[in-house]
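Reading through the structure tokens given below for one structure.
The values are calculated or read from the model by the stated rules, or taken from the named source; none is laboratory data. Quantities reported herein were computed from a predicted structural model and do not represent experimental measurements. Ligands, DNA and RNA are excluded from the accessible area calculation, which covers all protein heavy atoms including side chains. Shrake-Rupley method; radii C 1.70, N 1.55, O 1.52, S 1.80 Å.
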Amino acid sequence: MKNQQRTIARVVEYSGIGLFTGEEVKLRFKPSSVNTGINFIRTDIEGNPKIPANVETVSDCKQQISLKKQGVEIKSIEHLMAALAGLGIDNIEIEINGNEVPAGDGSSLLFTQLLKGTGIVPLEKLKKTFFLQKELKVSNGDASIIARPYDKGLSLSYILDFNGSFLNRQCFEIEMTESNFSTQIAPARTFGLSTIVEEFKKKGLGKGVTDENSLILHEDGTITKPLSMTPAKLKFPNECIRHKILDIIGDLYLTNLSLHARIVAIKSGHYLNARMAEKIFENSKNQINN
Ligand SMILES: [Zn+2]
């Protein structure tokens, strides 16, 4: 089943609130046939419009990833996309009765466990596998991502650096396997810098933030819960950098490819991740093996 396309074995549902909108929405995951891809279906809109999750439908990639097709939007898809990438799910329908994917616990753990729990089944065709052939680079100020040829799978490394404040410079490197993803990356929760969180509150964003679904990183390096401001119990001592890797995994899956490459990211976020996904996708055209 390793190189075959995959879907889930049965329908499964989940309800929760979106981080930005604070609205409760219901998700319904449904198995999907070969070569149909990852599709969101807005069941709260007449005609149940379908929004495919790929590089062509990305409409916003500043704080989170939004998709839009024919005026219909779906926000905050990145942690769900990471779970799909981690489990190697190529085809799935995700019905949703609102415009933002629920935050869960702020990581990909909940989605990973939920989908894995249905059973993951192989389909009759091979995955769209892409071996990167040449080096690609995207940058923005002092942030950058380099993708290099690598034939053993997907290797990811990240350098976190806030130029002396928040956290000391950190590096983290991991080979992307289903087991590494589930145990080392999926549980890492989203975090916000204390300075940005204040700005968010002023703009009325982050209505769904709770002590259970995000972390706040303060300039002195402490990490607290966002509302009670009590010390957060971390899943890993370096949970923040692991979450940055989680975001890259989700964002690169907008290519819908089983990617073989070595990714070296320095201080990148969704904007650069999405630009790299676009670049890889462009590069992959005419080179996919099936
Ligand atoms: Zn994230």
As computed over the chain, the Cα convex hull volume per residue (Å³) = 124
Shape call for segment 47-193, from the Cα gyration tensor axes a ≥ b ≥ c (a/c under 1.5 means rounded, otherwise prolate when a/b beats b/c, else oblate), comes out rounded
Per residue, how many Å² of accessible area does segment 21-137 show with a 1.4 Å probe?
-> 41
Above-threshold pairs, the threshold being 30 Å between Cα atoms, out of Lys30/Lys127; Lys50/Lys235; Lys26/Lys152 | Lys50/Lys235; Lys26/Lys152
With a 1.4 Å probe and every protein chain kept in, tell me what percent of the accessible surface of the chain is carbon plus sulfur.
-> 49
